Amino acid sequence: MERQTRQLRVLAISSGGGHWEQMLLLRDSFKDHDVLYANTLPGLAERAGIENAIVISDCNRDLPMQNFKCAWEAFNLIRKFRPDIILTTGAAPGLLALGIGRLFGAKGVWIDSVANSRQLSMSGKLAGRIAHLHLTQWEHLSVSGGPKYMGSVI
């Protein structure tokens, strides 16, 4: 008798621009799972041919009230979708989602942007305290205790 495995529910969340482009490069890695994409710019998912996607508010450290709005949207998204895994290629919306996801039992994966070649981003540094798997795309930024280097997306 063949054992059936349940599809994982994956929330793939990033800000727009390069973070989104890196997420798209990872798409084939979780194509056999139930994936919901979230990003911060309307139209990006549609241009990539992705139907199961939503837009959430962008946020950053300079706009504290926008962070509350983004966190509220991420909370409601995670509450409804109930992901097993939250994967993010960076920026504040992904960091907020990782933190909120932990409250719901989701495992978090942070992949710091390839653009951060000299040091981790501020969100990337904070993600090390939240993510279950904390990755960098630059071997020289890998340190004992994280982030780990397992290759580059690009």
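All of the numbers you see were taken from the coordinates with simple rules; none came from a lab. What you see is a predicted model, and the numbers here were worked out from it, not measured in a lab. In this analysis, Cβ positions are derived from the backbone assuming ideal geometry, glycine residues included, and neighbour counts consider all displayed protein chains.
From helices alone, the chain scores -9000 deg cm²/dmol at 222 nm; the rule is -39500 (n - 2.57) for each run of n ≥ 4 DSSP H residues, then divide by the residue total.
Under 22 Å Cα to Cα from LYS125, which lysines show up? Leave out anything in the same chain fewer than 8 places away. Hits, sequence-local ones excluded: LYS107, LYS148.
For trypsin sites (Lys or Arg not before Pro), the sites in region 31-118 that DSSP calls loop and that have at most 10 other Cβ atoms within 10 Å are LYS31, ARG61, ARG118.
Can you figure out the FRET efficiency of GLU46 with PHE68, using R₀ = 22 Å and their beta-carbon distance, to the nearest 0.05? About 0.20, to the nearest 0.05. Loop exposure criterion: GluC sites (Glu not before Pro), DSSP state outside H, G, I, E and B, at most 13 other Cβ atoms within 10 Å. Applied to the chain, the longest stretch between such sites is 52-154.
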